[in-house]
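This report refers to the structure that appears directly beneath it.
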Amino acid sequence: MIKTILFDFDGTLFDTGEGILRSVQYALEGFGIHETDTARLRKFVGPPLLDSFSELYAMTPEQAQAAVARYRERYLPVGIYECTLYPGIPELLEQLRAHTAFASRSRPGSPRRWRARSCSDSISSGSLTA
C-alpha cells in the first residue's frame, strides 16, 4: 500500500513559466536586450540559467553570472509567485489526500500563497540553483 506520494513543484503541480520568462526579460534588459520572442524565452525553462544565457545570448561566463544574479533579483521577490496550478491539480490532490498522506516539494517562500498547501500534509522547500 502506498503511504506517501512526493511531487515536484515546477512543471508538475504548477506552471511556473510566467515568472521565469518575466525574470529572464528583466535580466536581459540589464544588458540592453529587449527580448519579446516568447519561444526564445521559453528555452530558459528547464536548463541551467548559466547555460541558457551563455548559449542563447553569447554571454561570457562573467556576463552569464551577472545575468543570473539579475534574474534572481526579480525572481525571488516577485517571479516565484507568478505561477498557476495546472487544471485539475487541486482536485487530484484532494482525492489523494483522502486516501493517503503526501508531501509536495516546493520552493523557498511562503507556501501559504499556493492553493496546493491546503491539500497536502506538508510542503518542503528546496533551494534555487543556477
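A short reminder: the numbers here are calculations on the coordinates, not readings from a lab. Here the structure is a predicted model, which is why all the values come from computation and not from measurement.
Data overview
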item: Amide H partners (placed H, <5 Å) of I5, local residues excluded; result: F102, A103
item: Calculated from backbone phi, Karplus (6.51, -1.76, 1.60) coupling profile of region 69-75 in Hz, x at Gly/Pro; result: 4, 5, 3, 5, 4, 9, 5
item: HN-Hα J in Hz across region 21-26 - Karplus 6.51, -1.76, 1.60, θ = phi - 60°, x for Gly and Pro; result: 4, 5, 6, 5, 4, 4
item: Space enclosed by the convex hull of the alpha-carbon atoms of region 1-81, per residue, Å³; result: 109 Å³
item: Phi-based couplings in Hz for region 32-43 (Karplus 6.51, -1.76, 1.60; Gly and Pro marked x); result: x, 9, 10, 8, 10, 6, 4, 4, 5, 5, 4, 5
